[in-house]
Structures are given as structure tokens and as C-alpha cells.
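The values are calculated or read from the model by the stated rules, or taken from the named source; none is laboratory data. Just so it is clear, the structure is predicted and the values come from calculations on it, not from any experiment. Glycine gets a Cβ as well: all are built from the backbone with ideal geometry, and neighbour counts include every protein chain shown.
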Amino acid sequence: MSLDGFRRAHSDAFTGFDAATATRVFATIDRVGRALHFDMVGLEHLPKGPALLVANHAFGWDAAFLMAAVWRAKEQPLWALGEHLWWRVPFLRRVAAACGTVDGTQENIDRLLEREQFVLVLPGGLREAVKPATLRYRLLWGHRFGFVRAAIRHGASVVPVASVGSDELFDFMGNAYERGRRWTGYRIPVPLPSRILPLPHLTSLRFIVGKPIPPPTAVEGPGEHEVLERFRREIAGALHELIDNELARRAGIDLGL
């Protein structure tokens, strides 16, 4: 066992979660959210059965506001698939695990969906979170299809969730991963803010939960990748639409929706 009492099993689904700790942490997050004028719309779209909530990712703790909102509204955890890097940070990893963050492995997502849970997926991961300001609100999913396969395998609906405002907290420059390789020799991101003092901008945060997208029927063989590609494009398109509509609303543009 480590200095902070963390065991490897704490990063597994259900093992590290602690309802009492989650309630206290989420209450604090709610207070911070009120100070930041955090807003959440569309929670009524969450289905009853297993569901994958797929969101865009920004640097910081934006996902924590969504997890707190679901805990308060639905009285059940929103399990977040976390980066493997999470589990190397002492003390923070214990809090993250207690609030429902689990290691982003296929085994964990299977265990959660088999128990008909809500699972938060940030397909862009840390690479999307530390993207430069010129790529603000772009989805950097690369070749990640694991979450799509999981949804189809378990018959779980996919719920697009747009995080708007979080991408404006910081202005990063350049390729954080390439910079990290040059500076440290390791494949770790080193984000570089455009300002000397990396203070966050004051911005309102808003999450918009879209309507569930049912998964297609599983296909094996030559046509499988085409089905995965089509389904992922549908999810990305729905998420981009939510983001664009919210940005238009903030700019005072009536799209007639």
C-alpha cells in the first residue's frame, strides 16, 4: 500500500467508490459551480438503462461538475473513465476514485455497463484537454473506437454532452505532447499558456445533455469497421451540433430551433 493508502484495486469499477466522500466532494464542487455560474440543461434526456455519456474535454476539472450534477439529480454515480496517468498522482487519485473515476480500461467499462450504470467517456483524453486555443471546441478523437464497440456490445445508448465555456478557461499554444517529448524525453504533455501567468479566464460553464443515440446492431466480419465509423460519426456530429448551437446562443444568434 502507498503513502496515501491507494491500492491498485481502487481504480477498478465499484471498488474505490465511497458515497460519503462523494457527497462531500460534490457539495463543494456545487458551491464552486455556483460561483462560476455553472449551468446544466437536458438531464431529463438521460435514459434508464446503461448509457455512455460522451463529452468534449477541456483542461481542468470540467467533468467534475457533470459528475456532481448527475449525482444530485439521479442519486447515482456517473462513472468517469480516467487517464492511466491519474493513478500516479498521490492523494488526488484517492479522491477521484472515491467520487467515481475508474481506470479507462475495457474491463472496467464492461463491468459498469453490465450493471446498467452511467459511464462518462472523454474520447479525446488528455490530448484534447491540452490542445492549443486554435483548436478550441474541436474533437481530437484520433483512432479511438473502444467506446463505440462497448456501446454496441452492451446495447447501451450513447448520450452526447457538450461542455461549453471550459475550453475558454486557458489559452494554450502548440503541441503539448511534442513539447513534453523535447523537454523531458517522455511522452507526457507539457501545456504552455499564452500568458506569462497561467491564470484562468473568467467564463461561464454550461453542460448541454443531448438526446440518446441508440447503438446499431452488432456486425462481425468485413463490415464491422464501417458500422463503427458510421456510429462514431453520428455521435461526433450530434456533439458538434450541441456545441455549435450553444455558441450561437451565447453570441445572440437565433438559429430558429
Seminar exercise, completed: Scanning region 89-118 for residues that are closer than 17 Å to Asp18 by Cα and among the hydrophobic types (A, V, I, L, M, F, W, C) gives Phe91, Leu92, Val95, Ala96, Ala97, Ala98, Cys99, Val102, Leu112, Phe118
For this session: Report yes if Phe17 is in contact with a Pro (Cβ under 7 Å, 6 or more places away or on another chain) and over 30 Å from Asn175 (Cα atoms), otherwise no.
Result: yes
Problem set entry | Subset of region 239-257 (residues that are of a type in the set (A, V, I, L, M, F, W, C) and either within 13 Å of Ser163 (Cα to Cα) or in contact with a His (Cβ under 7 Å, 6 or more places away or on another chain) (or both)) | Leu239, Leu242, Ile243, Leu247
For this session: Answer yes or no: is there a residue in region 165-180 that is among the aromatic types (Phe, Trp, Tyr), more than 17 Å from the chain's Cα centre (by Cα) and surrounded by 18 or more Cβ atoms within 10 Å (Cβ to Cβ).
Result: yes
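Considering only region 37-57, how many residues are farther than 20 Å from Ile109 by Cα and either surrounded by fewer than 17 Cβ atoms within 10 Å (Cβ to Cβ) or in contact with a strand residue (DSSP E or B) (Cβ under 6 Å, 6 or more places away or on another chain) (or both)?
Initial filter on region 37-57 (farther than 20 Å from Ile109 by Cα): 37-45.
Now narrow it down to the ones that are either surrounded by fewer than 17 Cβ atoms within 10 Å (Cβ to Cβ) or in contact with a strand residue (DSSP E or B) (Cβ under 6 Å, 6 or more places away or on another chain) (or both): 37, 39-45.
Here the count works out to 8.
Considering only residues that are surrounded by fewer than 16 Cβ atoms within 10 Å (Cβ to Cβ) and in a loop (DSSP other than H, G, I, E, B), look in region 1-17 and name the one that is modelled with the highest pLDDT. Before the answer, list the steps.
Start the filter on region 1-17 by keeping residues that are surrounded by fewer than 16 Cβ atoms within 10 Å (Cβ to Cβ), which leaves 1-5, 7-9, 14-15.
From the residues that got through so far, the ones that are in a loop (DSSP other than H, G, I, E, B) too are 1-5, 7, 14-15.
Details: Met1: 54, Ser2: 68, Leu3: 68, Asp4: 68, Gly5: 71, Arg7: 77, Phe14: 85, Thr15: 89.
Of everything passing the filter in region 1-17, Thr15 is modelled with the highest pLDDT.
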For this session: Only residues that are surrounded by fewer than 24 Cβ atoms within 10 Å (Cβ to Cβ), of a type in the set (A, V, I, L, M) and modelled with pLDDT of 90 or more: list them for region 121-158, please.
Result: Leu139, Leu140, Ala150, Ile152
Seminar exercise, completed: Selection from region 211-249 of residues over 29 Å from Val41 (Cα atoms) and in a loop (DSSP other than H, G, I, E, B) yields Thr217, Ala218, Val219, Glu220, Gly221, Pro222, Gly223
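Looking at this structure, is Gly165 at pLDDT below 95 and under 30 Å from Thr15 (Cβ atoms)? Steps first, please.
Details: at pLDDT below 95: yes; under 30 Å from Thr15 (Cβ atoms): no.
No, not satisfied.
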Problem set entry | Residue in region 60-78 that is touching a Leu at 6+ places or on another chain (Cβ under 9 Å) and polar (S, T, N, Q) present | no
